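To start, the structure itself, in structure tokens.
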Amino acid sequence: QISWSMDSKSIVYTSKKISGTDYAISTNTDLYEYDVESGTTKNLTEENKGYDVSPAFSRTGRLAWLSMKRAGYEADKQDIIVSDGVSKMNLTAQRDDIHVESFRWSDDGNSIYFIAPLNGTLQLFEVKFRAGVKNSSDITQVARGDFDINGIVGQAGNSLVVSRTDMNHAVELYTLDI
């Protein structure tokens, strides 16, 4: 999993830089930033001993990823973490009922759309936040129903294109007015 920075000067990638038995039993992946100009690599999530995966840059240059806190517990709650390069903020920590499956930045970079299981279905949520303000995230459920939102395809203005399925239909594309 890799993500290019908006200025193309670095990439952030997911890796488990251990081998052998340690690799097989570890539940600790980290995000590494590789600086293209200097050729140096920096571990961005060294302090977290659980999974850190799915890095993605916003158009405004913020980095988001999915993170599990605890080592050795691969079924841990998965949260969205955002970093501006100086500080990190967990956007979904306050909701114990939300385990984020996947996410996509909004086009303006001020919110993130994500998919999480709820009452036996996969639903779409939005988290809006203010950078640099601790505990300033606001989560709202965007889609409700007896169906699964399987993927977030893209955004066009005020419409979000998602893939959706239910007990009677194969996966189809839908637009949601956000």
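Readers should treat all values here as calculations from the given coordinates under stated rules, not as data from a laboratory. Only a predicted model underlies this, so the values are computations on that prediction, with no experimental measurement involved. No Cβ is skipped: glycine too gets one built from the backbone with ideal geometry, and neighbour counts run over all protein chains shown.
One table, with the values for the structure above:
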item	result
Rg [Å, one decimal], Dmax [Å, integer] - the chain, C-alpha atoms	16.9, 54
Hydrodynamic radius by Kirkwood, which averages 1/r over all alpha carbon pairs of segment 1-84, in angstrom	13.2
Dipole magnitude of the chain about its Cα centre (Cβ charges: Lys, Arg +1; Asp, Glu -1), debye to nearest 20	320
Sum of side-chain charges, residue 147 neighbourhood, beta-carbon under 11 Å (Lys, Arg +1; Asp, Glu -1)	-2
Highest-MSF residue in the chain out of 167, 68, 89 [GNM, Cα springs under 10 Å]	167
GluC sites (Glu not before Pro) within segment 4-90, DSSP loop, no more than 13 other Cβ atoms inside 10 Å	37, 46, 47, 74
Cα-centred dipole magnitude for segment 1-95, charges only on beta-carbon of K, R (+1) and D, E (-1), debye, nearest 20	280
Binned Cα-Cα distances of segment 49-147, short to long, each 10 Å bin given as a whole percent	16, 50, 29, 4, 0
Residue-averaged 222 nm ellipticity for the chain, from DSSP H runs of 4+ at -39500 (n - 2.57), nearest 500	-1000 deg cm²/dmol
Distance between segment 41-61 and segment 63-79 - C-alpha centres, whole angstrom	12
Relative contact order of the chain, defined on C-alpha pairs under 8 angstrom at six or more residues apart (%)	11
